[in-house]
Structures are given as C-alpha cells and as structure tokens.
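Each remark here refers to the structure printed beneath this line.
What follows is calculated from the coordinates using simple rules that are stated; it is not laboratory data. For clarity, every value in this text was computed on a predicted model and none was experimentally measured. All Cβ positions, glycine included, derive from the backbone under ideal geometry; neighbour counts span all protein chains shown.
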Amino acid sequence: MQYLYPVFTVMLWAGNNVITKAAAGRIFPAEIGFYRWLLAGLLFTPFLLGPVLRNRAQVKPILGKVAVLGVLGMAVYQSLAYYAAGITTATNMGIILSLVPVMTLGLSIASLGTALTAGALVGAGVSFAGVLLVVSQGSWTVLVAHGVNLGDAMMLVAAFAYATYSTLLKKWQLRMPPLQLLYLQVLVAIVALFPLFLLSPKTGLNASNIPLVLYACIPVSMIAPLLWMKAISLLGPSRTTLFFNLVPILTALVAALALGEQLAVYHFIGGALTLSGVILAERWTTPLRSKPQATASKAD
C-alpha cells in the first residue's frame, strides 16, 4: 500500500508532461504557467495563510532562500517546459527530465561534499549518451549539422534548474512545515511569473484549455507534492527517488496513446541508456577514493 504514494505521484508527473505538450497551441505558455500557480495559491490560502502568518518569525530570516527556490523550482522549471512543448515531443521531454537525479547527484558532489562514486561517474556518462541519442534523433550527423532542437535545449536547462532546486533544498534544510514551504514557493512563482504574463499575448481561458490548467494546478501542483512527501516519510528519500525513473517510461506510453506520438528506435535505446545511467549512479556507490588509513605508529 505504501508504494502507491510514489507510483501515483510519478503517474501524475508523466501525465503533466503530456498535458504540457497538449497545451501547446491551446494556451500561451506564460498564461498556463501563471494561471496554474495563481489557482494553487488561491486554493491553498484559506488553509495556509494563517499558519504562515503565525510562523512569520521563522519565515522572515529565510525569505531570500524561499524566493530562490520558488523561482527555480516553480517558475523557471515549469515555464521552460511549457515553451519547449511547442517545439519538441512529450516523449523527449520525459527522457530529458530523467537526467534530474544524475544532475542532482553531480551538484551534490560539487557543493555538498557528497563522495564521488564510480556509479556517479559512469552513470552520468551513460545517461548523457542516452539523452544525446534522443536529441540527435539517432543520428550524430543531424546533431552536428543542425545542433540541438531548441525545445530539447530548453528542457535541458529546465532539468538543470530543477536539479539545482533539489540540491539547494537539501543544502539549506529549511526548518518549516513542508506544506507551508510549498505555499510560500507558490506565492513566489505567482509574483515571478506575473510580469511575463502581462507581456505575453493572451488566448484566454476557454473550454479547450481550462481542463489543462486544472490538471496542472490541482493534481500536479497540489496533490503530487503531498503524495511525494508522504512517500518519503514512509519509504525514505533513497527508495522514493528510484520511482522517478518511471517518469520517462510512463510519459512515452501516455504520449503514444493520447497524442499519437511515434516511438522510434532511438527513443527506446536512448531512454534505456538514460535510465541505466540513473540506476548506476544511485545503486553503484563504490567511492572512487578510499578513505586514508591511519598511519601506524613507528616502533621506538
């Protein structure tokens, strides 16, 4: 029963990749990015504004860090995905996002003093080879001649932004109730995205895009974080993170069924390489450098 929490979470995330792709052409990226967080903020406010205000003495010293987290994890990450969706496929988006655990591990090694392991080094190389295979459409000559598709490049930046967010979240260890921290980040995203929303052309809400906004807001922005936090509390962070590896697989399946996206051989090979690299990085934990042994005392 406890495994249902992470499984449902990754299903919602995979569905969000497909919804993000489906939103392209129905609503401008700046609109859906702003509306989803605005609605989430409005729905959270009756339950969380009071507790946050009562907790303001604890909130005030960390507002700067909360702002950075909100911009990276809520505004930059998802906004880039909405813009990328008009240029690349949902399948590519899912595979590229599967780099997040490897990127997070790399940033942790660089900034948190996490030990460099053989799995991290080999896994990073294997994962990036898989993503390069996908973004090159299985042809290195295409990659050399035309470069990386702009949408795929945006997703790489989005993945790095979320990996940075995850690393900072771990580094700073902000001692706040998780829901209050989530609520504050949602408020930051609303403020950060408002100028872009004002400057963007508008489609307006209509019957074809309101369901997409609602899905992005309620299941993905509100329910998924709660399920993920519950999964971490029951299974621990290491075991829970493994379920993130299901996102590209589920995204490809749902995109093929719902959007009619065609899966090529390079998708299967590239996706398998990317997932294999992530699993290697997470499970092969042999340190590259052995700890120095204490020098034996010399006899007189």
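Things to note:
- For the chain, the 222 nm mean residue ellipticity estimated from helices alone, with every DSSP H stretch of n ≥ 4 adding -39500 (n - 2.57) and the total spread over all residues, rounds to -22000 deg cm²/dmol.
- Fewest neighbouring Cβ atoms within 10 Å first, the residues Leu121, Leu150, Leu97 line up as Leu150, Leu121, Leu97.
- Potential extension, Leu242-Val157 segment - 0.36 nm per residue separation minus Cα distance: 28.4 nm
- Kyte-Doolittle mean at least -1.0 and Cα axial length at least 24 Å: DSSP H helices in the chain: 4-23, 29-54, 118-135, 150-172, 178-199, 265-283
- Using the Cβ-Cβ distance between Leu43 and Leu234 with R0 set to 30 Å, the FRET efficiency works out to roughly 0.75.
- The eigenvalues of the Cα gyration tensor, multiplied by 5 and square-rooted, give the stretch 115-201 an equivalent ellipsoid with semi-axes of 32, 24, 7 Å from largest to smallest.
- For the peptides 18-24, 102-108, the ranking by mean Cβ contacts within 10 Å, running from highest to lowest, is 18-24, 102-108.
- Subset of Lys21/Lys171; Lys171/Lys230; Lys170/Lys202; Lys202/Lys230; Lys21/Lys202; Lys65/Lys230 violating a 28 Å alpha-carbon distance limit: Lys21/Lys171; Lys170/Lys202; Lys202/Lys230
- Options Leu196, Leu105, Leu69, ranked by Cα towards positive dipole end of the chain, top entry (Cβ charges): Leu69
- Cα gyration tensor category, rounded, prolate or oblate, for the stretch 1-128 with a/c compared to 1.5: oblate
- From the Kirkwood radius over Cα pairs of the stretch 69-144, Stokes-Einstein at 20 °C and 1.002 mPa s returns a whole-number translational diffusion coefficient of 152 µm²/s.
- Fewest-first ordering of Thr91, Thr240 by other beta carbons within 10 Å of each residue's beta carbon gives Thr240, Thr91.
- Where only alpha carbons of the chain are counted, the Rg and the Dmax (Å): 20.5, 88
- Between Arg56 and Phe268, the simple spin-label model (points 7 angstrom out along Cα→Cβ) gives 6.0 nm.
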